[in-house]
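Read through the structure below, which is laid out as structure tokens, and then see the notes.
Read-outs: derived from the displayed coordinates by stated rules, not from any lab. The model shown is predicted, which means the values in this text are computed figures rather than measured ones. FYI the Cβ positions are ideal-geometry reconstructions off the backbone, even for glycines, and counts take in every protein chain you see.
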Amino acid sequence: MSIPFSDFPEMFRIRQKFKDPKIDHLTDEVKTQLSRLNLKTKVRPGQTVAITAGSRGITGINHILKAIVDHFKELKTRPFIVPAMGSHGGGTAQGQRQIIESYGITESFCGCPILSSMETVVVCHSPEGFPVHFDKYAYDADHVVICNRVKPHTLLVGEIESGLMKMMLIGLGKQSGAKIYHQAFHDYSFNQILRSVVKEVVVRTSILAGVGIVENSYGQTAKIAAILPEKFENTEKTLLTQAKKWMPRLPFRKVDVLLIDEIGKNISGSGLDLNIVGRKHLWHASAENEFPKIRMIAIRNLTALTHGSAVGIGTVEFCHKRVLEKMDVNKTRINVLTGGYHMEAMIPLDYPTDYEMIQVMLSQIGLTQPADAKLLWIRNTLELAEIECSAAYLEEAYSHTDLEILSDSRPLPFDDNGDLDDQHMNPKKINC
């Protein structure tokens, strides 16, 4: 079905008003939190301290890690950074180092070595009978500090999801551990594996402390908590509850077409956050009590910081051809097969231009006329402060007290080649 441009829906821009608690001075807060743990009573001068760095694009993560490094330097120890990201980076030591360096986590900035390896030590076997892997550099260190953002996981469900305890398993387990743990998730609950393995890791390795990070709806750092290992579980439950309250959300419950400018591992473990698009429990659909309800999703590009990993591409129905051109098939397959979710690498329908892709999608929305389609256009699933909405939402938008309408309705901004303006959805820089 060929739909002329004149029948495409017109768009207007809104700004969502989220609660925005934030920490203005990251390094000072990290120092304050770590000082409260009185770790000088637990470490000795000259001892080594391994500090974890993951694969997510956490705001200010290089500054947070540098502050942790500086704290342990003040204690006269010898800190170093260990990439802790399971199979990411193509499952190679160099690939994982490249990821953290792209976030500004470099030896020169942080003032300490980065020791990257895929080699692990099997510290024991879990009560379920599988080997428990742990990064060799971290295992050989006198102490280990876990640093990670706490947030809802895109696929796994529990009282504890993505955060410190998960990093102790999958992150520090490297590819060998991540593969086994994800296999175990098919036979046992995530909560059971998490608790049984973390318990063994804490007993058999030198976990000294954790630094949990919670971000607000604008992706700014809202809370930092330094935690002793015996308090990981209870504190992480509390942090996850807070993270859920501060998560950004799409403003409407029903969507015919969702355009996403970019997906990537720096955005979410699944490339796009399935909590945001309402697809955490089912493939290509929302569960009964899950919102929003989105008919079709299209992605237009991969982030530069994903380094070719297109994990999550299989969760959407359409994509721009350039997504496949930028996709590193080997990296993507290694990651999804390690995680046990091979569907995340399946290929959607691709089109050479945005115009052709949207034209096809508008022909698949049932009896709704294309001009009346409920279409949303976002940058990614982290940056949701400003959103482009089709005219079908205008009346509803006026009824929302937490939305500010920023523009009149106008046509989608296609260029002469039939593509949307890549800079149009770049949000204004938010001070964080």
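In whole angstrom, note down how far apart the Cα centers of segment 82-112 and segment 182-254 are. Here the answer is 21 Å between Cα centres. Between the residues Ser176, Gly91, Pro45, the greatest Cα displacement towards the positive end of the dipole of the chain, with unit charges on the Cβ of Lys, Arg, Asp and Glu, is found for Pro45. As a calculated quantity, the FRET efficiency between Asn234 and Lys76 at R0 = 30 Å, using C-beta atoms, amounts to about 0.45.
For the residues Leu406, Leu228, Leu208, a GNM of the chain with alpha-carbon springs under 10 Å puts the largest fluctuation on Leu406. What the Cα atoms of segment 288-432 give is an Rg and a Dmax of 16.7, 47 Å. Across the cross-link table entries Lys31/Lys136; Lys199/Lys231; Lys40/Lys199; Lys42/Lys174; Lys136/Lys166, which are compared at the Cα atoms, the separations over 20 Å belong to Lys31/Lys136; Lys40/Lys199; Lys42/Lys174.
Under a 5 Å amide H cut-off, with hydrogens placed 1.01 Å from N, Glu10 pairs with Ala391 among residues at least 5 apart or on other chains.
Here the chain has an Rg and Dmax of 22.2, 72 Å, counting Cα atoms alone.
Shown in residue order for segment 222-227 are the 3J(HN,Hα) couplings computed by the Karplus curve 6.51 cos²θ - 1.76 cosθ + 1.60 at θ = phi - 60°: 9, 7, 10, 10, 8, 9 Hz (x for Gly and Pro).
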